[in-house]
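Coordinate-derived values only; no laboratory data. Since this is a predicted model, take the numbers as computed values, not measurements. Positions of Cβ are backbone-derived with ideal geometry, glycine not excepted, and every protein chain shown enters the neighbour counts.
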Amino acid sequence: MNKLQEIIDAKKSEVEELHRSYDKGIRAESTPLRPSFRDALTGGGFLKLIAEVKRSSPSMGNINPAADPVETARVYSENGASAVSVLTDRKYFGGSWEFLRNIAAVSGLPLLCKDFIIDPIQIDLARAYGASAVLLITEALPGSELARLYRHTEECGLDALVEAHLPENIERAAALGAPVIGINNRDLTTFELDTEYALKYAGMIPADRIRLALSGVETADDARKFARAGFDGILVGTSLMRAKNPASAVRELSGIGRV
């Protein structure tokens, strides 16, 4: 079965529950805006690190299921990360909306709400719980759905990281006008990983956009490859969550000079 479709089918049930639980209680506009995700990825002449809080994943299983999300984000914040990505998907990634809210209460870095977003209520909740940006996955948002949710993200005052894998979806992300575009090295329909994949298609992202490489980056040498290819940043989760010394691992991947 298409693994992405399996996740999206489960997400539809979760969204129905969000509407029952949160519709009348969300007051996104009353939450102060966080630091800009987009600005944090701009300038400086070095590759930016988006460090991810992720306890598990469908491809890796349990990564660090006992990790304290707040403590993990603190380590990221104090050791050079430019932004923190927080998984809010519970079933497949061991995340939680409460993780986002608790991290927002203590971290001054921009926060990316990482989820499979298919409905505006998820964007509203991300804003209310302290996100600076949300992830929009082109492969999960066919037709006009991508543009509809992108507009809602802007209306909420949030940035969007628009993710794509297939070349035609990189084109969709670019045509949308999204300032921040990420190429996922992982095919979400199969969860197969090609660590060189984003390098092949970097040129499809317009030069005036922020280019991010997602998935499969583990070492400083990996990061340098993407820096040399013209990427502005990398998103790293699994290797940081498994590191024996997370602080050192973050420092190793932060501040790598662009060539």
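Odds and ends about this structure:
- Per-residue Cβ neighbour rank within 10 angstrom, fewest leading, ASP221, ASP68, ASP119: ASP221, ASP68, ASP119
- The residues packed around VAL134, meaning those with a beta-carbon under 13 Å from its beta-carbon, carry a net charge of -3 if Lys and Arg are +1 and Asp and Glu are -1.
- Note on the chain: antiparallel DSSP beta bridges, both residues inside, total approximately 15 percent of the bridges counted.
- Exceeding the 19 Å Cα-Cα cut-off - candidates LYS114/LYS200; LYS48/LYS91; LYS11/LYS91; LYS3/LYS225: LYS114/LYS200; LYS48/LYS91; LYS3/LYS225
- Secondary structure note: in the range 116-231, about 10% of the DSSP beta bridges are antiparallel.
- Only beta bridges with both residues in the range 31-142 are counted; by DSSP, about 15 percent of them are antiparallel.
- Pair THR190, GLU155: separation of 7 Å Cα→Cβ label points (nm): 3.9
- Multiplying the residue separation of ALA147 and TYR201 by 0.36 nm and subtracting their alpha-carbon distance yields 17.2 nm.
- VAL70, VAL75 arranged by Cβ crowding within 10 Å, fewest neighbours leading: VAL70, VAL75
- Helix-only mean residue ellipticity at 222 nm for the chain, each DSSP H run of n ≥ 4 adding -39500 (n - 2.57), per residue, nearest 500: -11000 deg cm²/dmol
- Two-site label geometry, GLU98 and ALA220: point separation in nm, points 7 Å out along Cα→Cβ: 3.9
- Burial ordering of HIS165, HIS19, HIS152, fewest other beta-carbon atoms within 10 Å first: HIS19, HIS152, HIS165
- Nitroxide proxy distance, nm - points 7 Å out along Cα→Cβ at LYS91 and GLU14: 0.8
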